Amino acid sequence: MRMRWAARVAQFRLEVKFWYSADKVTRLIEEVGADHSLSLNPTSPYDRILAVIWDDSRRTEEHGELNRGLETLSGVLGVVIISRPARMQ
């Protein structure tokens with residue numbers, strides 16, 4: 001399930017994504033990029049995006065690549081990646 005949530009706080013959009021175990025880093029970057037192009041246009045009330053990613057598979061070794069990929073998009077305020085706790089089913 002993909003989920004998006006926009007909060008009109010300080011004119012930034014909170015982009016929340018669920019990173020499924022079958023998804024590759026590039027797919028997630030492409031998804032955020034697509035939402036980015038729709039959200040940050042001249043008619044949009046938003047001028048920045050804060051990406052929040054829930055990593056369901058705890059792929060911490062790929063977090064750096066995901067972070068670098070998302071930060072190349074203009075207007076990205078930051079990236080927060082949260083890994084699923086080990087004991088959480």
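The values are calculated or read from the model by the stated rules, or taken from the named source; none is laboratory data. The shown structure was predicted, so the numbers you read here are calculated from the model rather than taken from an experiment. Neighbour counts run over all protein chains shown; Cβ positions are idealised from the backbone, glycine included.
Residues in the range 16-45 that are at pLDDT below 90 and within 17 Å of Glu71 (Cβ to Cβ): Asp35, His36, Ser37, Ser39, Leu40.
A single member of Ser57, Ser44, Ser74 is more than 15 Å from Arg13 (Cβ to Cβ), assigned to a loop (DSSP other than H, G, I, E, B) and of a type in the set (Ser, Thr, Tyr), and it is Ser57. Of the residues screened, Leu40 is not one that is under 15 Å from the mean Cα position of the chain (by Cα) and in contact (Cβ under 8 Å) with a residue 60 or more places away in the chain.
In the range 61-82, the qualifying residues are those that are modelled with pLDDT under 95 and of a type in the set (Gly, Ala, Ser), and the one that is nearest to the chain's Cα centre (by Cα) is Gly78.
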